[in-house]
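See structure below.
The values are calculated or read from the model by the stated rules, or taken from the named source; none is laboratory data. It should be emphasised that the depicted structure is a prediction, and the values quoted were computed from it without experimental measurement. Methodologically, a virtual Cβ is constructed for each residue, glycine included, from the backbone with ideal geometry; neighbour enumeration extends over all protein chains shown. SASA here: full protein model, heavy atoms, side chains in, ligands and nucleic acids out. Shrake-Rupley method; radii C 1.70, N 1.55, O 1.52, S 1.80 Å.
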Amino acid sequence: MSLPYVLAHPLGRLSLESLPFWQMLQDPSEANVINGVIATGAASMVVIGAIVTFALITRYRKWGVLWSHWLTSPDHKKIGIMYVVLAFVMLARALIEALLMRTQQAFGLGGGFLSPDHFAQLFSTHGTIMIFFMAMPFLTGMINYVMPLQIGARDVAFPVLNSISLGLTVAGAALVMISLCLGTFSTGGWFGYPPYTEASFSPGVGPDYWIWALTLASLGSTFTGINFAVTIYKHRAPGMTFMRMPLFTWTALCTSILMIFAMPPLTVATAQLALDRYLAFHFFTNALGGNMMHFANLFWLFGHPEVYILILPAFGVYSEVVSTFSGKVLFGYRALVMATMAIAILSFTVWLHHFFTMGQSANINAVFGIASMLIGIPTGVKIYDWMLTMFRGRIRFTVPMIYSIGFMLLFVLGGISGILLADPGIDYQVHNSVFLVAHFHNVAVPGVLFGMIAAYHFWFPKAFGFRLNERWGKISALCWIIGFMLAFFPLYGLGLMGMPRRTVAYSEPTYVPLEMVALLGAVLVIVALIALVVQLWVSIRQRHANRVFAGDPWDGRSLEWSISAPPPEYNFAMLPRVTGRDAFTVAKENRSAYQRLDTYEDIEMPKNSAMGPVIAAIGFSLAFGLVWHIWWMVILSFMAAVVTMIGRGFARDTTRIVSAQQVRKEHHRWIDAVASVTAISRADERTPANGGLAQHETEGVVP
C-alpha cells in the first residue's frame, strides 16, 4: 500500500456505503428494505444504548467512581463482575439474533423475509458471540470472583494482567458490536472456514471483523489461563492441599490448563488467515501450496478442548450447588477430581470428529470415534456422583438447584446424541443437518448456560450482599428449561427428515409444524431473559429486606462463605489455615468460625492501574484500523501499545498498604453484625429472616 494511496484514503475502506441503511436507500427493493430496516434497527439499538449509558453515567456523576473503583481496579472480584456484565450484554444480542433466525426458518417455506447474506451473518455472529463473548466471559468472571476466595487467597497471581485480559476481551466484543453499525460481519460461521473466508471469496470487512475479534479474545483467554493456573498452584492458603480444594477450584484449574494449551492454535489459525488476506500468503488458499485442512485441524485442535473449557467450570458449579442444597458432603470427591482430569486430557484426542465428512481414512475416523465415545465415561461418572449426593439428602428446590436438576436431565439426552455422532457412519448422514445443531445446543445450553446462571444465583448474595428474588428466578428457570426443549428438540426430528443446517429457506412443507414449535421455544427463551432482568430489578428494590451481610445464606461449605457479603477488598482479615476438605464446614463444626483475631497486620494490595482500559482502547483501535485498512490508525495504535507496555515496565510504586487498624475495624464490624443476626434453618433461607447466618446442619465432612 503506497503512501499516496494512504494519504488519499485516510478512512481506508470506510465510506457511506458502510452504513447499514445505505443499500436500502440506493436500491429500495422489498428485500433490501426489510433487511435494511432490521439492520438499521439493530445498529440503532447499539447506538442508543451507548448514548443512554453515557448520559446516565454523566447525569449521576459516576465517571469518577466508574474509573477509580471499577475500570482501573485490579480487584479480582470487581473484574469478575465486569466479565459477567459483559456476558449478559452479549447474551441479550445473541438471543435476539437467535429469535430472528428461528422466525426466518419458521416462515422460510419458499423464502421468508431475510436475505441469504443477512441470515449467514446472523448465524455467524450468534455462534461467535455465544462461544467467545458470552460463555467465555461468563465462566471467566465466575472463576475470577470465586476461585481466589475458595483457596484463601487475597487476589489472583497477576492482578494487572487480569485487568488487561478483561480489556482485550471487551475490545473484541466491542468490535463485534460495532459491526452492526459499520460494515457487515462475516458470513463464514463461527468457525470461519477458508477458502470461503479468503479474500478472493469474501473481499469485504466481515471476515476481518471475525479474525481480529477472535484474536483479541484468544489472547485475553490465554493470559487468563496462565493467571488462574499460577494462582491455584502458588497462592493456596496454608493447609489447602490439592485434594482439599473445592470441586469448582479443581475445574477452574483444569480449565486454565486447557486455556493455556488450546487457545494458541486458534491465535495461530486467525493470524495465518490474516496473512492470507492482507499479505497474499497461501496458508489456506486453493492454489500455490495452500491447504484449508490445516485450518480445520488448527481450529478444532482449539475447538474441542474449548467445549470442555466451557463445560468444566459449569460442572464445578453443579458440584457446589448439589452438595450445598442437598445438605450433604459431595459423594465421590476423588472420583469427580479424576473424572475432571480425564476429561481435560481426553479433550485433546477427539478434535477430528468435527470433520468426519472431510475425507480422512476410515481407520483415522474409527480411532477418533472411539476416543469421542470414551470421553463420555468420566462425564457419566460425574452424573452418578451428583445423583448419589442428592440421594437421601434434604434437597431444597432453590433456583440454582432447579437449574442443576434441569441440566442433569437434559445433558444426558444431549450426551446420548453425542455418542451417536461419535460413530463416523451416523455422523456422515446427519453432520450437515439441524440434528447436529440440536445436539450441540443440547449440551451447550443446559451444560454451560444453565450452569453459569445457576452460579449467578448461587454467588450473587456473596458478591452484592443481598439475595435475588426467588419467585422471579423460578419463573425464569422454568422458561429457560421449557423454552430450550421446545426450541431444540424439534430440530432432532427435522435433522432426521433431512433439513440442512445454516439454510435460509426450504421447499419442504413438512418442516413447518416443527419449525413453528421451535419458534415458540425461542420466544419462551426471550421471556426467560426478560424474567432475569425483572428479577434483578425487583431484587435491587427489595435489597434492604434481603441483606445477608453475615455472608453465609446457604449454609455453605467452602471458604468464600466464611467472610462477609460482599467481602472486603483483601478478602480475609487473616489468611485461613485449612485442616480438611469443606474448610468452612470444618470451622463451623469446630466452633472456630466467626472469631475475632488477637492481632491484626497491615495488608499489601496492588494499586489501581489504567493498563486494562488503556489496552482495551488500543486493542480496539488497532483492530478497527486493520479491519478498515486505516493504516495511520494501525501505526499509531501499535506505537501506543509499545509505549504503554514499556511505560508499565518502569512502574515501581505498584502496591499500597491497608492498615491493620482499618482491617481490625472492618473485621470487628462484621463479627458484631454476625452476633446480631439470628441463625436461620434451611426452611427459612429463602425468607427475609435470612440475614446471612445459617444454622449448621451437615452429615459430616471428609478429612
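Here Tyr428 does not fit the description of being more than 23 Å from the chain's Cα centre (by Cα), buried (at least 17 other Cβ atoms within 10 Å of the Cβ), touching a residue at least 40 places away in the same chain (Cβ under 8 Å) and over 30 Å from Trp561 (Cα atoms). Put simply, of Leu449, Leu468, Leu486, Leu536 the only residue that is closer than 21 Å to Ala92 by Cβ, outside any helix (DSSP H, G or I), modelled with pLDDT of 95 or more and not aromatic (Phe, Trp, Tyr) is Leu468.
Residue-wise test of (1) under 24 Å from Ile563 (Cα atoms); (2) open to solvent by 30 Å² or more (accessible area, probe 1.4 Å).
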position	(1), (2)
Val52	no, yes
Arg61	no, yes
Val85	yes, yes
Gln121	no, yes
Thr125	no, no
Ile129	no, no
Gly141	yes, no
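Inspection of region 648-657 finds no residue satisfying the criterion of being without any contact (Cβ under 8 Å) to a residue 40 or more places away in the chain, assigned to a helix (DSSP H, G or I) and either open to solvent by less than 40 Å² (accessible area, probe 1.4 Å) or at positive phi (or both).
Give the residue that is surrounded by the fewest Cβ atoms within 10 Å (Cβ to Cβ), with candidates limited to residues of region 575-605 that are assigned to a loop (DSSP other than H, G, I, E, B), of a type in the set (A, V, I, L, M) and over 31 Å from the mean Cα position of the chain (by Cα).
Filtering first and then ranking leaves Leu597.
Across region 112-134, the qualifying residues are those that are part of a helix (DSSP H, G or I) and either among the polar types (S, T, N, Q) or free of Cβ contacts under 8 Å to residues at least 12 places away in the same chain (or both), and the one among them that is farthest from Ala31 (Cα to Cα) is Thr128.
The sole residue among Ala545, Ala550, Ala518, Ala487 that is farther than 25 Å from Val443 by Cβ and either in contact with a Leu (Cβ under 8 Å, 6 or more places away or on another chain) or free of Cβ contacts under 8 Å to residues at least 40 places away in the same chain (or both) is Ala550. Within region 243-252, the residues that satisfy the criterion of being touching a Ser or Thr at 6+ places or on another chain (Cβ under 9 Å) and open to solvent by 10 Å² or more (accessible area, probe 1.4 Å) are Arg244, Pro246, Trp250. Checking Ala617, Ala641, Ala683 one by one, the residue that is in a helix (DSSP H, G or I) and within 30 Å of Thr324 (Cα to Cα) is Ala683 and no other. Residues in region 18-32 that are of a type in the set (Gly, Ala, Ser), over 17 Å from Gly183 (Cβ atoms) and not in a loop (DSSP other than H, G, I, E, B): Ala31 only.
Summed over region 386-404, the residues that are open to solvent by 10 Å² or more (accessible area, probe 1.4 Å) and either under 21 Å from the mean Cα position of the chain (by Cα) or not aliphatic (A, V, I, L, M) (or both) give a count of 7. Among the criteria (1) in contact with a helix residue (DSSP H, G or I) (Cβ under 6 Å, 6 or more places away or on another chain); (2) open to solvent by less than 50 Å² (accessible area, probe 1.4 Å); (3) in a helix (DSSP H, G or I), the one Pro74 does not fulfil is (3). Quick one: how many residues across region 335-367 are part of a loop (DSSP other than H, G, I, E, B) and either touching an Asp or Glu at 6+ places or on another chain (Cβ under 8 Å) or open to solvent by less than 60 Å² (accessible area, probe 1.4 Å) (or both)? Qualifying residue count, region 335-367: 3. Only residues that are surrounded by fewer than 19 Cβ atoms within 10 Å (Cβ to Cβ), in a helix (DSSP H, G or I) and acidic (Asp, Glu) were counted in region 507-533, giving 0.
Can you tell me which residues in region 387-421 are in a helix (DSSP H, G or I), under 17 Å from Gly332 (Cα atoms) and either touching a Ser or Thr at 6+ places or on another chain (Cβ under 7 Å) or polar (S, T, N, Q) (or both)? Those that are in a helix (DSSP H, G or I), under 17 Å from Gly332 (Cα atoms) and either touching a Ser or Thr at 6+ places or on another chain (Cβ under 7 Å) or polar (S, T, N, Q) (or both): Thr389, Met390. Residues that are under 15 Å from Thr184 (Cβ atoms) and open to solvent by less than 70 Å² (accessible area, probe 1.4 Å) within region 23-40 comprise Met24, Asn32, Asn35, Gly36, Ile38, Ala39, Thr40, listed in sequence order.
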